[in-house]
Structures are given as structure tokens and as C-alpha cells.
């Protein structure tokens, strides 16, 4: 069985590649992390076939984990009532064999430990067998967001005798599926070590197929490569405007322009304009001109020459924001919008 993980850049068509690989004969299991990407995948599948094929099963990760992997084996035995995304208390510390480690007093499963509970119950083999019974092909989108016990579970079930393709963008890792103490706490600290984890799970690592963006122009890609320090190439040879703007009148015009989305580091809802937060814009493919709003710390980084040395999570979110641009990319200081911010 062919098994691979494809590392993509923003706008390279990773989701489209998965959809293009579908047919109406094989049985496909597709798992993605976010609700927004689930909806995006569903729309693209319907767009391709004119309907949603019965041989394709699409899950968000935690729905897959609970309804396909946990429920058939443990739901009746454990008498649980669904999943809770609140983190379990640090104390008391229960043993790995104690149900209270995984299940809240209200009988809800802690999301960040559900994969571990399945493993601890010696059910990984049963999950793999169930996957092999019902499916021929296993796709995972947004693989970079799997962390903690979920990453271990994902690599464990990749032993299934199925055709497997995982796709993701390492540098679009802006949050974890779940955290539990020190489990895989350094997973995303080093790209080379991260790729080695997949090789150890016997997946081929492909860094070439999706290394060019169909969305971003050459100079937007050059800006991201040079100033943010994340390598991205473009399929396109046209140029768009990429600039830093701090003229108050020009900034106001951008703020009031309904055609230009304003992407904020956080709290975009406090501004009465067409806006979103950097991290939450991940997966959005409908923006043309983009205005990225920099907080004071990031303005300072810009004035020092680049964003390469800022906090890794912030840098990844900035990469996500800048790579939304099909058209022009303008960076502005948030300080010039201070008077428009609602409390």
C-alpha cells in the first residue's frame, strides 16, 4: 500500500489535490481538523461530483475519534456522554489505568486524552481492523494541527493496510489539537525532526509536489520568504503591490475599503470593518487584496528588518495572514486604528 505525507505551502492546492484523487469506486475516509475545512472539503466534493458520493466519508477529527474509534468499542462499557474540550484538572493525578484520568465527573470524555484512552485500552489494532473493513483509502488534511496524543494515535493507525495520504503545511501550525503535559511538546520545534517522525511511521515524505502557490504572486511569495523566513514559491509570474503603509489618510482609506480584508493578530471583532484574525483566516481562499494589521511588537520587528526572530506561533500566524493575498498585500500599524477600536 502506498503511504505518504505531502508537505505543502499556502495556496498550493493541497485540499484540491485530495478532492481530485476521489472516485466513485473506492471507499474513502477523509479526516480534517477544523469545522471550516470540513465545510470547505464538503463544498469542493459536491462541486466536483454534483452531489456528495456515498462512497466518501468525511469527518472532523474529534468526530472520527469519538464516533468511529471510541464509540463502537467503549461507549456502553464506560457509559460516557460525549466529549468535553475543557482541559482536565492538573490535580489529582490519576493513574493511566484510572478512568477518572480520561472522563470528567459528568461522564464526558476529555478531548485531549481520548486518543490515549483508546491506546490504553489496547484498541488501536481494533480501530485499524475497522478502518480496513470499511475503507480502501485514508486521507488526512491539516495534518500539521495534530499534536499531543492525537499525533501518536494518527501515526499508529497509519499502519492500516490502506492507501494513505496526509497533507499539511508545517508552518501553518498555529494551534494544537490538544495538549497533555509534555506529550509531544516539542513536536513542531524542528521541521527536520518532524518529517523524521513520519518516516519512522513508514510514510514517504514529499516536499516537492506542492511547493508552489497558485494563490500568491511572485513578490508576495518573495516577501514571505525574505521577511518572514518561510520558503514559498509561486506558480505565477505576475507582480502585485507589497508595502508597509503608515500614512494616516492611506490607512483610513484601507480601513474603510469593504473590498480589502483587514487581518488582525487578535480581537478583529472590535473593529467595524471587513476583518478576521490572522490564525482564523487559515483555509480561507476568497480574499483578493489583504491588509495585515501589525501590533506594536511586530511593527518593531518590521522596522528592525524582518519577522524571522519573532515568536514561532506568531510568525506562523503572520505567514497564514500574508499568504491569503491573491492581490495586493499591505501591512499597517494597529496604532493608527486605535480610535476605531470598540471596547
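Can you find even one residue in segment 64-72 that is free of Cβ contacts under 8 Å to residues at least 40 places away in the same chain, in a loop (DSSP other than H, G, I, E, B) and more than 20 Å from residue 151 (Cβ to Cβ)? Write out each step before concluding.
In the first step, residues of segment 64-72 are kept if they are free of Cβ contacts under 8 Å to residues at least 40 places away in the same chain; the result is 64, 67, 71.
Retained after the next criterion (residues that are in a loop (DSSP other than H, G, I, E, B)): none.
No: segment 64-72 contains no residue that is free of Cβ contacts under 8 Å to residues at least 40 places away in the same chain, in a loop (DSSP other than H, G, I, E, B) and more than 20 Å from residue 151 (Cβ to Cβ).
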_Candidate set from segment 272-304 (those that are without any contact (Cβ under 8 Å) to a residue 24 or more places away in the chain and more than 20 Å from residue 341 (Cα to Cα)); member that is surrounded by the most Cβ atoms within 10 Å (Cβ to Cβ)_ = 301
*Please state which of the following conditions residue 139 fails to meet, knowing it meets all the rest: (1) outside any strand (DSSP E or B); (2) at pLDDT 95 or above; (3) within 25 Å of residue 58 (Cβ to Cβ).*
(1)
*If residue 104 passes every condition in (1) touching a strand residue (DSSP E or B) at 6+ places or on another chain (Cβ under 8 Å); (2) in contact (Cβ under 8 Å) with a residue 24 or more places away in the chain; (3) over 29 Å from residue 11 (Cα atoms) but one, which one does it miss?*
(2)
*Search segment 61-82 for residues being within 21 Å of the chain's Cα centre (by Cα) and crowded, with 16+ Cβ neighbours inside 10 Å, and hand back the single one that is nearest to residue 27 (Cα to Cα).*
64
*If you check residue 295 against the conditions, is it under 23 Å from residue 168 (Cβ atoms) and in contact with a helix residue (DSSP H, G or I) (Cβ under 6 Å, 6 or more places away or on another chain)?*
no
*Listed residues 286, 324, 308; which is out of contact with any helix residue (DSSP H, G or I) (no Cβ under 8 Å at 6 or more places or on another chain), part of a loop (DSSP other than H, G, I, E, B) and within 26 Å of residue 168 (Cα to Cα)?*
286
*Can you name the condition, by its number, that residue 171 falls short on among (1) more than 26 Å from residue 79 (Cα to Cα); (2) crowded, with 23+ Cβ neighbours inside 10 Å; (3) in contact with a strand residue (DSSP E or B) (Cβ under 7 Å, 6 or more places away or on another chain)?*
(3)
*Inspect all residues belonging to segment 171-190 and state whether any of them is within 15 Å of residue 4 (Cβ to Cβ), in the same structural domain as residue 22 (by the TED database) and assigned to a loop (DSSP other than H, G, I, E, B).*
no
*asked:* Exactly one condition in (1) within 30 Å of residue 314 (Cα to Cα); (2) touching a residue at least 60 places away in the same chain (Cβ under 8 Å) is false for residue 154; which is it?
replied: (2)
*Any idea which of (1) free of Cβ contacts under 8 Å to residues at least 60 places away in the same chain; (2) surrounded by 13 or more Cβ atoms within 10 Å (Cβ to Cβ); (3) over 19 Å from residue 315 (Cα atoms); (4) assigned by the TED database to the domain that holds residue 290 is the one residue 201 doesn't satisfy?*
(4)
*Examine segment 204-224 for a residue that is outside the structural domain of residue 140 (by the TED database), part of a helix (DSSP H, G or I) and either without any contact (Cβ under 8 Å) to a residue 12 or more places away in the chain or out of contact with any strand residue (DSSP E or B) (no Cβ under 7 Å at 6 or more places or on another chain) (or both), and state whether such a residue exists.*
yes
_Residue identified as out of contact with any strand residue (DSSP E or B) (no Cβ under 7 Å at 6 or more places or on another chain) and under 22 Å from residue 37 (Cα atoms) among 151, 138, 166_ = 151
*Restricting attention to segment 208-224, which residues are farther than 21 Å from residue 283 by Cβ and within 20 Å of the chain's Cα centre (by Cα)?*
208
*Considering segment 262-283 alone, what residues qualify as being within 23 Å of residue 38 (Cα to Cα) and not in a helix (DSSP H, G or I)?*
263, 275, 276, 277, 278, 282, 283
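Within segment 265-282, is even one residue under 30 Å from residue 4 (Cβ atoms) and modelled with pLDDT of 95 or more? Give the steps one after another, and end with the answer.
Of the residues in segment 265-282, the ones under 30 Å from residue 4 (Cβ atoms) are 278-282.
The next check asks that each one be modelled with pLDDT of 95 or more; those that pass are 278.
Looking for residues that are under 30 Å from residue 4 (Cβ atoms) and modelled with pLDDT of 95 or more, one finds at least one in segment 265-282, hence yes.
May I ask you to say which residue of 41, 22 is surrounded by 15 or more Cβ atoms within 10 Å (Cβ to Cβ) and part of a loop (DSSP other than H, G, I, E, B)? Reasoning before the result, please.
Working: 41 fails: part of a loop (DSSP other than H, G, I, E, B).
Among 41, 22, only 22 is surrounded by 15 or more Cβ atoms within 10 Å (Cβ to Cβ) and part of a loop (DSSP other than H, G, I, E, B).
The values are calculated or read from the model by the stated rules, or taken from the named source; none is laboratory data. All of these numbers come straight from a predicted model, not from anything done at the bench. Here the Cβ is made from the backbone with ideal geometry for all residues, glycine too, and neighbour counts use every protein chain on show.
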